[in-house]
């Protein structure tokens, strides 16, 4: 009897009665759960009465939340897809951005994982330092006074988060599915804004002060057609990966490829079209899967056939002058020549742009960006930044290849997505670097996971 009593949920007290505090605690927990379940809909209705535009987000968020409660292994891949959408807090009517809130939660989880895997976490922190130290040094040595590069450091956190929150190759494969779904969403939104009607989430590009684009250009949640094209172009390898894997999900991959290519054409971005071409041709070359190579050839042929549909965007892209871009690039080179060691400091290019254009080019605009990530790094971080970036990228690539990531289809896909992002970044500055950091973190996570798991699809 005594042994049975020890196994009871409510062991009898000395006088044989059930312990009342335990029952009261359970009753309080149950009452709290009921109260929470009743109050959350009321809070949601209150927000909807003030911000009716939040209704689609709440419906989608509720459905996704229910799914993630049942399948928690999709939480981290789902967050990767959420970050890729680039939907910021301004779309949520004053509520905190899910990207920021989710990032804080996953950052705490990644930090806990770092404590469990000290050796690997040290390697991740070395890579983060290679990106962070040059920008910190340029901020300290800036001619305008010390600058704290908060935005740049926040972006590097995404590398740490992805490298330690992603635990397996299967997580990256789930991320490929999630990102393909995001590609369908972004591509359809881009096409609908041009051919149907723009919305607040998928607007068209606003006319600039001096130069005006006669063709409608999809700007997406980012608000800029060129960056929107970059985000979509970097998703093309993941969609092609689903085609290479075969099975039921290859239908999703085909749909994502079509939506993404159409979406990039709708932006009218010349750099985005070049990046998509690089992704399609590159995946066809490095993936030894016949159906993928056939699909890549079909995509190229389909894009050529579809050009008349996007005649307005393509003609406008061909008519736009490159004189402004050339001036921006020459200014970046001049800034690097004047400050070759540590550069002008984070985000200082636009501050000094007008000073340099008095002697370079004939651009009447006051504030511009370098429109080239390598040149932006050279101008703002100097040789320290250029060397830091090269060493960091080579370190991650060497780590991934040495651990066998290149032998996996998904590994080659992530590497090709990084390459696509970098190709597009030759024409754009670094306002979406958190996507690149997440891709690098995924490579590191796969390299570490391969030392302790098997079963990923080999090339």
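Residue 315 meets each of the listed conditions (1) buried (at least 18 other Cβ atoms within 10 Å of the Cβ); (2) at pLDDT below 85; (3) under 30 Å from residue 368 (Cβ atoms) apart from (1). For first residues located in the range 103-122 and at negative phi and exposed (fewer than 11 other Cβ atoms within 10 Å of the Cβ), partners that are at pLDDT 90 or above and part of a helix (DSSP H, G or I) and lie 6+ apart or on another chain with Cβ distances below 8 Å form the pairs 115/121. Of the candidates 91, 109, the single residue that is modelled with pLDDT of 80 or more and either part of a helix (DSSP H, G or I) or under 12 Å from the mean Cα position of the chain (by Cα) (or both) is 109. Scanning the range 412-423 finds no residues that are within 26 Å of residue 434 (Cβ to Cβ) and more than 26 Å from the chain's Cα centre (by Cα). Are any of the residues in the range 130-142 in contact with a helix residue (DSSP H, G or I) (Cβ under 6 Å, 6 or more places away or on another chain), closer than 28 Å to residue 256 by Cα and either free of Cβ contacts under 8 Å to residues at least 60 places away in the same chain or part of a helix (DSSP H, G or I) (or both)? No, there is no match, as no residue in the range 130-142 is in contact with a helix residue (DSSP H, G or I) (Cβ under 6 Å, 6 or more places away or on another chain), closer than 28 Å to residue 256 by Cα and either free of Cβ contacts under 8 Å to residues at least 60 places away in the same chain or part of a helix (DSSP H, G or I) (or both). Among the residues of the range 360-385, those identified as touching a helix residue (DSSP H, G or I) at 6+ places or on another chain (Cβ under 8 Å) and exposed (fewer than 15 other Cβ atoms within 10 Å of the Cβ) are 362, 366, 367. Residues that are buried (at least 21 other Cβ atoms within 10 Å of the Cβ) and part of a loop (DSSP other than H, G, I, E, B) within the range 235-267 comprise just one, 235. Of the helices (runs of 4 or more DSSP H) lying entirely inside the range 358-456, the ones with 3 or more residues being without any contact (Cβ under 8 Å) to a residue 24 or more places away in the chain are found at 373-402.
Is it true that residue 270 is in contact (Cβ under 8 Å) with a residue 24 or more places away in the chain, surrounded by fewer than 24 Cβ atoms within 10 Å (Cβ to Cβ), more than 20 Å from the chain's Cα centre (by Cα) and more than 24 Å from residue 174 (Cβ to Cβ)? Judged against the criteria, residue 270 is a match. Of all residues in the range 324-355 being outside any helix (DSSP H, G or I) and under 28 Å from the mean Cα position of the chain (by Cα), which is surrounded by the most Cβ atoms within 10 Å (Cβ to Cβ)? Applying the filter and picking the extreme gives 343.
Here are some residues: 170, 163, 151. Which one is modelled with pLDDT of 90 or more, more than 24 Å from residue 253 (Cβ to Cβ) and out of contact with any strand residue (DSSP E or B) (no Cβ under 6 Å at 6 or more places or on another chain)? Quick ask: steps written out before the conclusion?
Values: 170 fails: more than 24 Å from residue 253 (Cβ to Cβ); 151 fails: modelled with pLDDT of 90 or more.
Going through 170, 163, 151 in turn, just one is modelled with pLDDT of 90 or more, more than 24 Å from residue 253 (Cβ to Cβ) and out of contact with any strand residue (DSSP E or B) (no Cβ under 6 Å at 6 or more places or on another chain): 163.
Every condition in (1) surrounded by 14 or more Cβ atoms within 10 Å (Cβ to Cβ); (2) touching a residue at least 60 places away in the same chain (Cβ under 8 Å); (3) in a helix (DSSP H, G or I) holds for residue 126 except the one numbered (1).
For the range 144-198, a residue qualifies if it is under 21 Å from residue 400 (Cα atoms) and not in a helix (DSSP H, G or I), and the qualifying residues are 166, 167, 168.
Taking every residue in the range 285-305 that is without any contact (Cβ under 8 Å) to a residue 40 or more places away in the chain and pairing it with any residue that is surrounded by 15 or more Cβ atoms within 10 Å (Cβ to Cβ) and in a helix (DSSP H, G or I), at least 6 positions away or on another chain, the pairs with Cβ-Cβ distances below 8 Å are 293/284; 297/284; 300/277; 300/280.
The values are calculated or read from the model by the stated rules, or taken from the named source; none is laboratory data. Predicted, not measured: the structure shown is a model, and the values here were computed from it. Cβ: placed from backbone, ideal geometry, glycine included. Neighbour counts: every protein chain shown.
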